Amino acid sequence: MLRRLVIAFTVPLVVSLVSAPQALADDSPVPDPIPEKPVASGLALTVDELVTMPKSDTNPPTTDKRLQRYARINYVGELPDGSGRMYVPDLNGKLYTVKNGAPREYLDVGAAAGADFFNNRGLGTGFGFVAFHPDFKQNGKFYTVHTENGNALLTKQADWAQPNTIEQSVVDEWTATDPAADTFTGTHREILRIGFAGTLHTIQEISFNPTARRGDDDYGKLYLAVGDGGRGVTNNDPQDLSIPHGKLIRIDPAGTNSANGKYGIPSTNPFVGRAGAIGEIYSYGYRDPHRFSWDPWTRKLYLGMIGEHAIEGVYDVKPGDNAGWSQREGPFVFRSSDRCFLYPLPANDADFGYTYPVAAYDHDRPPNLSCTADSGHAVIGGFVYRGRSIPALFGKYVFGDGVNGSLFYTETAEMSRVANGQRAPIHKLSVVDRSGRVLTMQDLAGDSRVDLKFGTDNAGDIFVLSKANGKIWQITGAVPRPDVVPTLAPNLVAQYDFDHPALGNPAMERDLGSSGTAVQLINGGAAMRVQDGSRSALQTQQVNPTVKGNDDWKAGTYSATGVPTLLAFNHTQQITVMGWVKPTGPNPSPNTNSTDPARFFGAVALMGVLSGDSDGHTVRALLELIEVDGVMKLVALGRRVDGGASQTFAATEDWHKILPDNKWTFLTATFDYDTGAMALYANGVPVPGAYVVQGDPWGVRTGDPPYFTSATNPRGIKIGGGFPQNTREDNPCNCRFDNVMFLDRVVRPWEVGAQYALTRAAF
């Protein structure tokens, strides 16, 4: 076990609010609340499987697919008794311990609650969490929270309840007769009961501060993250200091000065003695304060709050803080009367005393999704790594998205509380197996809905969990991604290695870049994945050269309104397109759009990014083979302005020598829209060439620099065909593709060579 180093410091207490009229600034909706997106980090985590937990089900069975999980495990931690035992709560009712990779039932919380135990509806029901007292080895005490409904609503009085309560969250104290025993025997008592009007956002995590030492004011104080019951979107409960809903509360389980006499209210809590406020409140203004943890070194408390319309935020919490919900969602104005938009902060926002996230990302809702529908995002707070075994993670706050399983980190040094200040950049992590294959949590979980959670042990190691398959993994290392040069990773918008089919849909390929832009394998589906290249490669081809139709194999994505996840190529100054290509048949192909059997297409489409007004053919940046003055050439072709002229940079050498048949070649094309410069590379070496269009087709010598592309989202990506949508055949490529990459900057010559050198062994 590693010994924790703790640095003590003083935390200021109460932040008081100033009642002031809101001075409106620009009152237009914010179209993209957080334009800065998580970027690929270049780091990949190595993980070792710890255990697969026992399968569990709701009682009675549910039809809600979100609750039909292999095991609804919610956390993993280590008992504070030196035994080395880990503990795992399952929302379906049971508390397990794990030692030497073997799970063992310690306590059935659901059975103890009896017929009123409620776990089969809503994401905020069941046995939610457990917290072991720091003196558990001596006093045998631990605390659980679970939900009840049914007869409990009629016979059991809640300490606080929202109108029209449909469930109650119950906090119990348990005292083990023998703390070292493998199964619980002892007594328990109820200490707190809160009623909620919904089955979402109930009491989430309950925890003791592991950085507090005996004699500290915080030692033995229990923190409870109380959600808004799913009702804060229509009422002001999170701002109402007379109730615990939408608050982080702090109690003393050993005390008795609460209203119900079953626990104590610490005198140092920030609202003790304030008229109209309950003393339990530590901070407030939360929607769903799902997970929180302390940095072992700085003792800062970080809390992840799941958002409503758009914002997933991580907060640096101090006593008395007001995170703003439901007047604010992240650093934006939220209006219950208009749930489809967020609005800018008023000019006098500082008067209100709200605190805002130190790191955040937004939902980037697809255009076809209702503004009030669940967007499938939920930030899951994690832990600051301060261990010694993984130097690359030191000082990083590791967290993620619970639904899709994305893993992130931020640098704690960049997580500033400055009002409306710069949020810490979020970096996206990958996972790599022992063979060097890049994975995602979806791969590990075997499901597109990961239901990701985090845990930690007493040494500060970090664990990741998935309800999808009931597995728990320990993060054992952090290494450079084996497939991307580290300096390229932050600009890697999209990457496809064709080893990552969308789970349940092998005709889709997932994106390993930062954007998450999946591409469709058109016409051939899973059959387009062939064993070649690094592992699997994409086969594209003309299927029937004698018949006009829409059966050619190609890949891509297209939206007539633009692809929001490709925002990085909106109003950009630079793009790079690169990847491995292997011609596998005659190119160019017979022109199926012509009645003349002797006609061939005048181009062979390789890979590119569409313009913002494209019909599927017009491009912003493209690698292609095309006829130049009657001779087929390898070219970089692009345009800066939608509807404007294109420029072509054509290789001088015969394209067959650059891209020989049945051999893998690493091609790169760069586009600098500010200077008008373009370049081509093959196998890491610059390819000599010349510009085809005379003059200034991009218009970079008129007006004032800098110059950007049009401020429109590209309408898609295409690979191996002239159109990414299945409405027209044009310029097919009888080729294979692997490790196709799209970046939002010009890759430097040495980086092209380095990327080629890094990946060539697999080809």
Discussion item. Once you place label points 7 Å from the Cα toward the Cβ at Arg728 and His571, how far apart are they in nm?
Written reply: 3.0 nm
Response to the item:
Answer in debye to the nearest 20: the dipole magnitude of the chain about its Cα centre, from +1 Lys/Arg and -1 Asp/Glu charges placed on Cβ, is 1140 debye
Practice prompt. Would you mind calculating the gained length between Val479 and Asp613 on full extension (0.36 nm times residue separation, minus the Cα-Cα distance), in nm to one decimal?
Written response: 44.2 nm
Worksheet item: Which of the aspartates and glutamates could be linked to Lys262 by a straight reach, that is with a Cα gap under 18 Å, when you skip same-chain ones fewer than 8 residues away?
Response: Asp159, Asp172, Glu173, Glu190, Asp252, Glu280
Fill in: Calculated [θ] (222 nm, deg cm²/dmol) that DSSP helices of n ≥ 4 give over the chain, each run adding -39,500 (n - 2.57)
-1000 deg cm²/dmol
Practice prompt. Past 20 Å, Cα to Cα, is the threshold; run Lys582/Lys657; Lys37/Lys453; Lys37/Lys318; Lys94/Lys300; Lys65/Lys156 against it and keep the listed order.
Written response: Lys37/Lys453; Lys37/Lys318; Lys94/Lys300; Lys65/Lys156
Worksheet, complete the sentence: Interchain or sequence-distant (5+) residues whose placed amide H lies within less than 5 Å of the amide H of Gly477 are Thr46
Discussion item. If neighbour count is taken as other Cβ atoms inside 10 Å, put Lys94, Lys428 in order from fewest to most.
Written reply: Lys94, Lys428
Item to complete: Would you work out the relative contact order for the chain, in percent, from Cα pairs under 8 angstrom that are 6 or more residues apart?
Response: 12 percent
Worksheet item: For the pair Lys55 and Arg417, what calculated FRET efficiency results from E = 1/(1 + (r/R0)^6), where r is the Cβ-Cβ distance and R0 = 35 Å, to the nearest 0.05?
Response: 0.20
Discussion item. Suppose R0 equals 22 Å. What FRET efficiency, 1/(1 + (r/R0)^6) with r the Cβ-Cβ distance, do Thr675 and Asp27 give to the nearest 0.05?
Written reply: 0.05
Fill in: Net charge of neighbours whose Cβ lies under 14 Å from the Cβ of Gly220, counting Lys and Arg as +1 and Asp and Glu as -1
0
Worksheet item: Given Cys371, Ser416, Leu154, which one lies farthest toward the positive end of the charge dipole of the range 39-480, if we put +1 on the Cβ of every Lys and Arg and -1 on the Cβ of every Asp and Glu?
Response: Ser416
Practice prompt. For the chain, find the longest principal axis of its Cα atoms and tell me its angle to the long axis of helix 749-759, 0 to 90°, nearest 10.
Written response: 70 degrees
Fill in: Cα-based shape type of the range 352-395, given that a ≥ b ≥ c are square roots of the gyration tensor eigenvalues and the cut on a/c is 1.5
oblate
Practice prompt. Compute the distance in nm between two label points, each set 7 Å from the Cα along the Cα-to-Cβ direction, one at Tyr691 and one at Ser337.
Written response: 5.5 nm
Worksheet item: Applying the Karplus parametrisation 6.51 cos²θ - 1.76 cosθ + 1.60 with θ = phi - 60° to the phi angles of the range 149-157, what ³J(HN,Hα) value in whole Hz is obtained for each residue in order, glycine and proline being reported as x?
Response: 8, x, 5, 4, 5, 9, 10, 10, 7
Item to complete: State the answer as a single residue: which of Ser430, Val687, Ser56 lies farthest towards the positive end of the charge dipole of the chain, with beta carbon charges of +1 for Lys and Arg and -1 for Asp and Glu, about the Cα centre.
Response: Ser56
Worksheet item: What residues have an amide H closer than 5 Å to that of Leu492, excluding those fewer than 5 places away on the same chain, when H is modeled at 1.01 Å from N in the peptide plane?
Response: Ala40
Worksheet item: Is the shape of the range 39-480 best called rounded, prolate or oblate, per the rule: a/c under 1.5 gives rounded, else a/b larger than b/c gives prolate, else oblate, with a ≥ b ≥ c the square roots of the Cα gyration tensor eigenvalues?
Response: rounded
Worksheet entry | Spin-label pair Arg434/Lys156, simplified geometry with 7 Å Cα→Cβ offset, distance in nm | 4.7 nm
Worksheet item: FRET efficiency for Thr256 and Asp351, Cβ-Cβ distance as r, R0 = 35 Å, nearest 0.05?
Response: 0.35
Practice prompt. For the range 517-531, just list the computed ³J(HN,Hα) in residue order, Karplus coefficients 6.51, -1.76 and 1.60, θ = phi - 60°, integers in Hz, with x standing in for Gly and Pro.
Written response: 8, 6, 10, 8, 8, 8, 6, x, x, 4, 5, 6, 8, 10, 7
Worksheet entry | 5 angstrom amide H check on Tyr284, placed H, neighbours 5+ away | Leu248, Asp321, Asn322, Ala323
Discussion item. Please rank His201, His133, His363, fewest neighbouring Cβ atoms within 10 Å first, as an exposure proxy.
Written reply: His363, His133, His201
Worksheet item: Based on the alpha-carbon gyration tensor of the chain and its eigenvalue square roots a ≥ b ≥ c, which shape applies: rounded if a/c is under 1.5, prolate if not and a/b is larger than b/c, or oblate?
Response: prolate
Discussion item. Can you work out the Karplus-derived ³J(HN,Hα) for every residue in the range 494-509? Use 6.51 cos²θ - 1.76 cosθ + 1.60 with θ = phi - 60°, whole Hz, and x for glycine or proline.
Written reply: 8, 8, 9, 10, 6, 9, 10, x, 4, 5, x, 8, x, 7, 10, 10
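All of the numbers you see were taken from the coordinates with simple rules; none came from a lab. What you see is a predicted model; the values in this text were computed from it and never measured. Note that each Cβ is placed from the backbone with ideal geometry, even for glycine, and that neighbours are counted across all protein chains shown.
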